[in-house]
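Before any comments, here is the structure.
The values are calculated or read from the model by the stated rules, or taken from the named source; none is laboratory data. Remember, predicted model here, so these are calculated numbers, not experimental data. Positions of Cβ are backbone-derived with ideal geometry, glycine not excepted, and every protein chain shown enters the neighbour counts.
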Amino acid sequence: MTLDSPIAGPVLGIESSCDESAAAVLDPAGNVLAERLISQSREHAPYGGIVPEIAARAHLAYLPDLVREAMTEAGVGYHDLAAIAATAGPGLIGGLIVGSQVAKGIALAAGCRYLAINHLEAHALTPRLPGLGGAAFPYLLLLVSGGHSQWVAVEGVGRYRLLGQTIDDAAGEAFDKVGKLLGLTWPGGPALERLAAGGDPLRFHFPRPLAGRPGCDLSFSGLKTAVAQAAARFPEGALPRADAADIAASFQRAVVEVLADRARHAIGLFARQHAEGRLLVVSGGVAANRAVRSALAEAASDFGFSLLAPPARLCTDNAVMVGWAGIERLRLGMVNGLDAPARPRWPLEELSR
Ligand code: KG4
Ligand code: ZN
């Protein structure tokens with residue numbers, strides 16, 4: 001296969017790295033023909049977090065039907081597929097093995113290509129989907145999810161430069177932990193955003209970790225501790241809703257201000273290396289937060305950048321982004337053998353070597 005060679009048929013994408021089981025079928029241009037997704041939050045909510053073994057078993061139970069339904073809706077036969085792209089890492093090893101084995105099994109039976117996709121690369125390439133306008137390289141990506149918080153200069157397929165990242169918790173993890181402290185349902189982010197809407201963001205003075213420091217690293221664990229201390233001042237199990245709303249609003253304000261400060265630093269770093277880049281993309285579950293989006297949009301526009309925030313269904317984990325990353329790789333002839341392993345740890349920068 002040569003550079004930018006045409007793709008012979010549709011691509012099936014499979015996602016199973018965390019707690020979303022998903023399958024999607026895309027045509028060779030990247031148009032979505034069908035997508036199916038089951039969030040496992042109901043399975044994990046009683047435990048207040050993801051239980052890896054439950055996640056792996058749920059992927060095994062859900063994925064075969066999701067794949068079948070997506071293929072039927074797309075009107076695509078297995079032998080029509082050009083390739084099957086599955087998330088091979090980073091993530092929870094059980095789920096990664098389930099998803100990539102399903103993909104390899106179908107690829108073997110259908111005689112098509114297998115693509116081992118890096119989940120972070122799939123998030124990074126999402127803004128290039130034709131349905132989102134097909135962003136041109138280079139652009140600056142802020143990936144803020146339950147597992148990751150990082151700034152990446154996206155220079156090409158397989159070409160990523162890490163500009164900064166969290167030195168402790170991920171942003172979504174901080175939302176989830178604070179949500180738990182406030183007695184909200186898991187995952188905490190969406191419920192916390194709703195609660196914060198009715199609270200006073202100026203009542204509690206929480207720290208803005210790393211704000212103003214050089215570089216664009218992030219930190220959230222000190223903020224989380226400060227919130228825990230504020231909540232501990234109320235008798236156990238008796239935090240009035242109005243006070244909880246003030247804590248939520250003050251916490252969210254701190255996160256938003258930190259992200260806006262770090263965005264200014266990250267854009268400065270990015271712009272020095274990429275004079276032609278004018279786009280900031282935010283992805284990952286925390287990108288669904290409206291206060292986060294509007295603060296980032298403001299920071300971006302101060303530098304003449306625009307902000308692209310994909311719709312929530314493409315910001316959170318999904319199989320469309322996996323299929324699309326597969327198409328980007330397939331176009332460049334970057335395919336994998338069936339012996340490609342699942343990799344629980346797989347930093348984005350390793351793809352650039
Ligand atoms: O990208 P994602 O679906 O899964 C991974 O972690 O890979 O992100 C989930 C994270 C959770 O931590 C969740 O609490 C957070 O995104 N989240 C939000 C919001 N919606 C989801 N955080 C803040 N505000 C939201 N509206
Ligand atoms: Zn993700």
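Number of residues in the stretch 26-56 that are more than 16 Å from ligand 1 (Cβ to nearest atom), part of a loop (DSSP other than H, G, I, E, B) and small (Gly, Ala, Ser): the value is 2. Pairs are defined by a Cβ separation below 9 Å, a sequence spacing of at least 6 or placement on different chains, a first member in the stretch 127-154 that is without any contact (Cβ under 8 Å) to a residue 12 or more places away in the chain, and a second member that is in a strand (DSSP E or B) and within 16 Å of ligand 2 (Cβ to nearest atom); no pair meets this definition.
The combined condition, being small (Gly, Ala, Ser), without any contact (Cβ under 8 Å) to a residue 40 or more places away in the chain and either assigned to a strand (DSSP E or B) or surrounded by 18 or more Cβ atoms within 10 Å (Cβ to Cβ) (or both), is not fulfilled by ALA23.
Residue-by-condition table, conditions (1) over 22 Å from GLU173 (Cβ atoms); (2) among the charged types (D, E, K, R); (3) away from ligand 1 (no atom under 16 Å from the Cβ); (4) not in a loop (DSSP other than H, G, I, E, B):
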{"position": "PHE234", "(1), (2), (3), (4)": "yes, no, yes, no"}
{"position": "ASP261", "(1), (2), (3), (4)": "no, yes, yes, yes"}
{"position": "ARG264", "(1), (2), (3), (4)": "yes, yes, yes, yes"}
{"position": "LEU269", "(1), (2), (3), (4)": "yes, no, yes, yes"}
{"position": "VAL282", "(1), (2), (3), (4)": "no, no, no, yes"}
{"position": "GLU298", "(1), (2), (3), (4)": "yes, yes, yes, yes"}
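Is at least one residue of the stretch 48-68 crowded, with 22+ Cβ neighbours inside 10 Å, within 16 Å of ligand 2 (Cβ to nearest atom), under 17 Å from ILE106 (Cβ atoms) and at pLDDT 95 or above? Yes, there is a match, as at least one residue in the stretch 48-68 is crowded, with 22+ Cβ neighbours inside 10 Å, within 16 Å of ligand 2 (Cβ to nearest atom), under 17 Å from ILE106 (Cβ atoms) and at pLDDT 95 or above. Scan the stretch 145-179 for residues that are more than 16 Å from ligand 2 (Cβ to nearest atom) and in a loop (DSSP other than H, G, I, E, B) and the total you get is 4. Is the stretch 199-212 home to any residue that is crowded, with 19+ Cβ neighbours inside 10 Å, of a type in the set (Phe, Trp, Tyr) and either closer than 30 Å to PHE137 by Cβ or in contact with a Cys (Cβ under 7 Å, 6 or more places away or on another chain) (or both)? Taking every residue of the stretch 199-212 in turn, none turns out to be crowded, with 19+ Cβ neighbours inside 10 Å, of a type in the set (Phe, Trp, Tyr) and either closer than 30 Å to PHE137 by Cβ or in contact with a Cys (Cβ under 7 Å, 6 or more places away or on another chain) (or both). For the stretch 1-20, filtering for residues that are more than 12 Å from ligand 1 (Cβ to nearest atom) and in a strand (DSSP E or B) leaves 4. Looking at LEU108, LEU142, LEU192, just one residue is over 30 Å from VAL227 (Cα atoms), modelled with pLDDT of 95 or more and either in a helix (DSSP H, G or I) or within 15 Å of ligand 1 (Cβ to nearest atom) (or both), and that residue is LEU108. One residue stands out among those in the stretch 300-331 that are of a type in the set (Ser, Thr, Tyr) and touching a residue at least 24 places away in the same chain (Cβ under 8 Å): the one that is farthest from ligand 1 (Cβ to nearest atom), which is SER306. Looking at LEU338, is it within 16 Å of ligand 1 (Cβ to nearest atom) and among the aliphatic types (A, V, I, L, M)? No. All of (1) part of a loop (DSSP other than H, G, I, E, B); (2) small (Gly, Ala, Ser); (3) more than 29 Å from PHE137 (Cα to Cα); (4) modelled with pLDDT of 95 or more hold for GLY222 with one exception: (1).
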